[in-house]
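Worksheet: the structure to be examined is printed underneath.
What follows is calculated from the coordinates using simple rules that are stated; it is not laboratory data. Remember, it's a predicted structure, so these values are computed and weren't measured experimentally. Glycine gets a Cβ as well: all are built from the backbone with ideal geometry, and neighbour counts include every protein chain shown.
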Amino acid sequence: MIKQLAHICIHSNDLDKTLHYYTEVLQLEKGFVFEKEGELFGFYIKFGNNTFIEVFKGDPGDVGNINHISIEVEDMDGLIERIKSFEIEIGEKKLGADNSWQVWTEDPNGIRIEFHEYTDESCQLTGNACIVNW
């Protein structure tokens, strides 16, 4: 019955900065906007396969936000350089316990973003147990 993730909803104090991060820095496409009383109230960011991030105007501290978003990528090194070119802090690339390459950063709202690049041994592809030590 369940097909796939439809969207993750986050809140933002600065819609323009958030839109810039997702559309310019990460090069994702805006889906559509929400308007309230003639003003921008939010928007959808396309993630492919009808999966989206839904962003609404609001204080993340008041309404709460999610722990993190994980995004699969194909060129981790290229993505890291792109993000750094916008003077955005990003961690070091490392191989996780799941045998996937990962690197972490944050969007303008403090949402932690984990980028994943799968390997042939990634638990996400093999179904093997992921033994963690953290």
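Secondary structure note: in the chain, about 65% of the DSSP beta bridges are antiparallel. On the beta carbon distance between Arg112 and Glu39, with R0 = 25 Å, the FRET formula returns roughly 0.30.
Treating the beta-carbon of each Lys and Arg as +1 and of each Asp and Glu as -1, no other charges, what is the dipole magnitude of the chain about its Cα centre, to the nearest 20 debye?
On the way: 11 positive and 25 negative charges, 62 e Å.
Dipole of the chain, to the nearest 20 debye: 300 debye.
Near Ser70, the amide H atoms lying under 5 Å from its own belong to Glu114; only residues 5 or more places off or on other chains count, and H is placed 1.01 Å from N. Once the gyration tensor of the Cα atoms in the range 67-134 is diagonalised, the equivalent ellipsoid follows with semi-axes of 23, 13, 10 Å, ordered largest first.
Each residue of the range 107-121 was assigned a 3J(HN,Hα) from its phi angle through the Karplus curve 6.51 cos²θ - 1.76 cosθ + 1.60 (θ = phi - 60°); the sequence is 7, x, 9, x, 6, 6, 10, 10, 9, 10, 10, 6, 10, 5, 9 Hz, with glycine and proline shown as x. The angle separating the long axis of helix 76-85 from the principal Cα axis of greatest extent in the chain is about 40 degrees. Dividing the helix sum by the residues of the chain, where each DSSP H run of 4 or more adds -39500 (n - 2.57), gives a mean residue ellipticity at 222 nm of -4000 deg cm²/dmol.
In this entry, the chain is assigned a mean projected area of 10.0 nm², taken as a quarter of its C-alpha convex hull surface. Amide H contacts under 5 Å for Gly31: Tyr44, Ile45, Lys46, restricted to partners 5 or more places along the chain or on a different chain, H placed in the peptide plane at 1.01 Å from N.
Of the cross-linked pairs Lys30/Lys84; Lys3/Lys84; Lys46/Lys94; Lys30/Lys93; Lys17/Lys94, which ones have a Cα-Cα span greater than 30 Å in the structure shown? Don't skip to the answer; put the middle values down first.
Working: Lys30/Lys84 22 Å; Lys3/Lys84 35 Å; Lys46/Lys94 27 Å; Lys30/Lys93 28 Å; Lys17/Lys94 28 Å.
Among Lys30/Lys84; Lys3/Lys84; Lys46/Lys94; Lys30/Lys93; Lys17/Lys94, the Cα-Cα distance tops 30 Å for Lys3/Lys84.
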